[in-house]
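Participant: Please find one structure pasted underneath; my questions will follow.
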Amino acid sequence: MSKIKNQHYVPQFYLKSFCDKAEQVWAFDKTNQHIFTSSPRNLASEGYFYDQKQIDEKFGEQHLEHVLGIEETRFSKTFNQLA
């Protein structure tokens, strides 16, 4: 299995609820004072954000990312029914 690099700290299913008709989200970069649009895939994420050496050594490679992915999938179904 290949490693997941782009790990979201805000789930993509949640970001998608803010998309316009072009499936883009408006965002503001506070550091550069810049407004831009982007796809949810490219926002609120960081490379290897959840990779933690101690946890991965005990439970397996990218354990947190995989567990959170499972829980996000479960919750997204409920979230989408509420929206």
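The values are calculated or read from the model by the stated rules, or taken from the named source; none is laboratory data. Everything quoted here is computed from the prediction, not taken from an experiment. Neighbour counts run over all protein chains shown; Cβ positions are idealised from the backbone, glycine included. Ligands, DNA and RNA are excluded from the accessible area calculation, which covers all protein heavy atoms including side chains. Shrake-Rupley method; radii C 1.70, N 1.55, O 1.52, S 1.80 Å.
Participant: What are the pairs, 6+ residues apart or on separate chains, where a residue within segment 34-55 that is under 13 Å from ASP20 (Cβ atoms) has its Cβ under 7 Å from a residue that is open to solvent by less than 80 Å² (accessible area, probe 1.4 Å) and part of a helix (DSSP H, G or I)?
Facilitator: PRO40/GLN12; PRO40/LEU15
Participant: Now a separate question. Got a sec? Which strands (runs of 3 or more DSSP E) wholly within the chain have at least 1 residues that are surrounded by 15 or more Cβ atoms within 10 Å (Cβ to Cβ) and not acidic (Asp, Glu)?
Facilitator: Because the criterion is at least 1 residues that are surrounded by 15 or more Cβ atoms within 10 Å (Cβ to Cβ) and not acidic (Asp, Glu), the strands (runs of 3 or more DSSP E) in the chain that meet it are 6-8, 25-29, 45-47.
Participant: Quick check on segment 2-20. Is at least one of its residues in contact with a helix residue (DSSP H, G or I) (Cβ under 9 Å, 6 or more places away or on another chain) and on the phi > 0 side of the Ramachandran plot?
Facilitator: No, segment 2-20 contains no residue that is in contact with a helix residue (DSSP H, G or I) (Cβ under 9 Å, 6 or more places away or on another chain) and on the phi > 0 side of the Ramachandran plot.
Participant: What are the pairs with Cβ atoms under 7 angstrom where one residue, in segment 10-33, is more than 20 Å from ILE70 (Cβ to Cβ) and the other, located anywhere, is small (Gly, Ala, Ser) and not in a loop (DSSP other than H, G, I, E, B)? Sequence gap at least six, or different chains.
Facilitator: GLN24/SER38; VAL25/SER38; ALA27/SER38
Participant: Out of curiosity, is ASP20 within 30 Å of GLN81 (Cβ to Cβ) and either β-branched (Val, Ile, Thr) or over 17 Å from the mean Cα position of the chain (by Cα) (or both)?
Facilitator: So ASP20 passes the test.
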